[in-house]
1. For region 110-127, what does the Karplus curve 6.51 cos²θ - 1.76 cosθ + 1.60, with θ = phi - 60°, yield as ³J(HN,Hα) per residue in whole Hz, taken in order and with x for Gly and Pro?
2. Can you list residues from other chains, or at least 5 along the same chain, whose modelled amide H is less than 5 Å from the amide H of THR321?
3. Taking the dipole about the Cα centre of the chain, with the C-beta of Lys and Arg at +1 and of Asp and Glu at -1, give me whichever of GLY138, ILE633, LEU247 is farthest to the positive side.
4. Per the 1.4 Å probe, what fraction of the accessible area of region 501-634, in percent, lies on carbon and sulfur atoms?
5. Pop out the ³J(HN,Hα) list for region 97-108 in order, Karplus 6.51 cos²θ - 1.76 cosθ + 1.60 with θ = phi - 60°, rounded to Hz; leave Gly and Pro as x.
6. Kindly write out, for region 170-177 in residue order, the coupling ³J(HN,Hα) from the Karplus curve 6.51 cos²θ - 1.76 cosθ + 1.60 (θ = phi - 60°), rounded to whole Hz, with x marking Gly and Pro.
7. Cβ under 11 Å from ASP168's Cβ, ASP168 left aside: what net charge do those residues give with Lys, Arg +1 and Asp, Glu -1?
8. Rounded if a/c is under 1.5, else prolate if a/b is larger than b/c, else oblate: which is region 381-462, with a ≥ b ≥ c the root eigenvalues of its Cα gyration tensor?
Amino acid sequence: MKRFCTSGFFFLSLLCQHFSTLAQAVYQDKPFVQDFSVKYYAEKPNAGLSTMACDRNGVIQVLSSEGLLHPANGYFLSPGTLLPDRTYRPMQTMTIRAVERYDGQLVYLDNRAVLSNAWAGKLFIEHQLPQAKVLACGTDFTFLVSDGKTLHLLKDNKISGKATLPDDELIAMRFQPETNQFWLLGKQSLSTFSLKDQKATKVFTGSGFTSFALTAKGQKVIIGTGDGYIEFDPVSKKQLGHIHQKLPCPEITAIIDINGKLWFGSPKGAFAVRPDGKFDYYNGERWLPGNQVTQIVAGPKNSVLILTTAGLAKIETRAMTLHEKAQFYDAQVRSRHIRNGFNSSLEQMEKGNLATGYLDDSDNDGLWTSMYLAGEIFRYAVTKEKDALQNCRESLDAMERLYSVTPVPGFPARSFERAGFITKLHDSDRWQPSPQSGWDWKSTTSSDEVIGHMFAFGAMAELVDDKGLQRRAITLIDTLMSHIISHDLYLIDFDGKPTMWGKWNPKYVNAFPVNVGDRKLNSSNIIAMLQTAYRFTKKEKYKAKAFELMQKHGYLENLMRPMNIIGKAPEDADEHSKHMSDGWNHSDDEMYFVGYWGLYRYAFNDTLKAKFKQAILDHWEIERPEKEGAWNIFTALTGTKTFDLTEAVWYLQEYPLDLIDWDILNSHRKDLDVLPDNFRKQTTKEVLPPDERPIQRHNGNMFTLDRKRGNGTSEHSAGDIWLLPYWMGRYLGVISAPMNN
């Protein structure tokens, strides 16, 4: 989360300065820190998980209401379990109340003594507090034990001092080596316990204290409460500033300083303070077995262990380049997201179990596959890898069959599936039997499918040096556009009627008020498609139709209309226009940008190309708050020097490796600047990083805060979401090859 490769952005900054008048900036792909979670679930829902510790060997033990547990069999995307720890048989007979780490070893508190299995088992000091429940470790085998009221200091294998915490109930203790004293937190007070005086001295009072931590070198005491956290100066014995409440969740349950970074637990997940004062937020089962956090500690190999009431999460990190991330995602797509050549989602999984899902059909099988196919085309153009070419071939096979599986020449299906399963498919009323025996196909194909097809076919015709694939792509371009031209700019379904959205005819397009997005969108898309068709077929009918639309029917004016005028239809508009303009349509953004490839790259002349660039930059400007990686990279195709490359790389780096659709909650957060309802449906002043929000395709609202359905029942493919913008960036030369040295 937000762990940028500072060296990469340093080089990016230098390149921006040095080449500002010569070329576009290039991100130098050096390793950055990618985080991910390995989860371990409790076997029982009410396991009473209270505390944990990790020793120098990476051994992790969790204290539960039924004894000690340890994590077993957990891997990324394959959760493990917390099982009873039977490693030391005598421990199973003890009533363990706490476990802590001291000098790299595990130390236990039971109802009789402080003990350990390290140091040949010689540590065993009786404490004489039968109800002892809190343990803190000092230096030179000094320990402080408490039952919540009484304190016993253990040193030199005996009780060397006793004290009480007056007028409060002790809940936590920490040792400060710099001052050789213990700090004691009660529910309404903070005290010190001096090894010299051996008494508790109250230094600060308040209410609702829940947890605390000492920062590195003891410079501050951080006190958690039920409504924020307090910073306390241990030298002046005074509170520093006001209580911090603008947090992801101000109800603090755990605090720790790990390598100078403050971590907090809450009933709604965990969060850590970033250098800029904002937060990395870990919510939902993408990161945690449950959101009710009870403790956070440093784990093995620079990991962070987060204990919740439902289990344990180990937040691990790995240095990787964007290219290595692309390789990870490529394996994800190829191993479990290819259905008959389509780029598909995995659905109906059992709580994130990837082995239990099936490949689902979609309204947009053609669109998602077009976007994945385009990414693989760019990959092949850059690398010439045979694997990429084979991926292109297999996806083109699926795309090509969308045209042959229907009885209507030039009309592509939305999807196809083997016969006999219509009742189990989405929108069963839209499925039709195919002339090809044993297959069914989905009708009502939309304009977003069509523009996706044209994008991928055009890229293949231009960039893939396989003559057979080029010919097939050009044939599909001609087949589709001939259908649209011959049917008066409509997409005609099996019933002889235009589909709901497959309409580019001026009577339909220009019936929208000028500020309704579809008038601009459909004009932009059809000109892009006609240009693409002319570029590769050289058939004059496509060029003539495009100029007719631009000159006679105002399509050039339509597509050049500024984005900032797009809004709700006027009161006197027809109901369809009002329905189509009730808010910003992010699917329209996707259709615009995939269409920009053909609009700009295959422009009929330089004059139009300059105009189209202006339209693209105007659109990009209004999209900038979303920091959408794909739209920034698409904008780079115009050659502009300003296209938010830093934000595009941020998107690519911050996207989570886990693409399972877990429930995600952010709307409760107190650290966000929430905006009033607005036409663009922008919920907050700044967009959240991708690993803190729901997984979404490029047609989603990047300002969506929550996801509350089907927790862990589906997994998105990285093919269109991530691989397309990455490989397009590589092809356009704004992202370098990996630089591991």
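The values are calculated or read from the model by the stated rules, or taken from the named source; none is laboratory data. Small disclaimer: the values here were computed from a predicted structure and weren't measured. Cβ placement follows ideal geometry from the backbone for every residue including glycine, while neighbour counts extend to all protein chains displayed. Note: areas computed on protein heavy atoms with side chains; ligands, DNA, RNA excluded. Shrake-Rupley method; radii C 1.70, N 1.55, O 1.52, S 1.80 Å.
1. 10, 6, 10, 8, 9, 8, 7, 8, 7, 6, 6, x, 6, 6, 7, 10, 5, 10
2. PHE32
3. Projecting each Cα onto the dipole axis, the largest value belongs to GLY138.
4. Details: 2490 of 5160 Å².
Its accessible area is 48 percent carbon and sulfur atoms.
5. The phi angles translate into 10, 7, 9, 9, 9, 9, 6, x, 10, 8, 10, 10 Hz.
6. Karplus-based 3J(HN,Hα) across region 170-177 equals 6, 10, 7, 9, 9, 9, 10, x Hz.
7. On the way: positive: LYS149, LYS187, LYS202; negative: ASP167, GLU169.
Net of charged neighbours comes to +1.
8. Working: a/c = 2.43, a/b = 1.86, b/c = 1.30.
Verdict is prolate for region 381-462.
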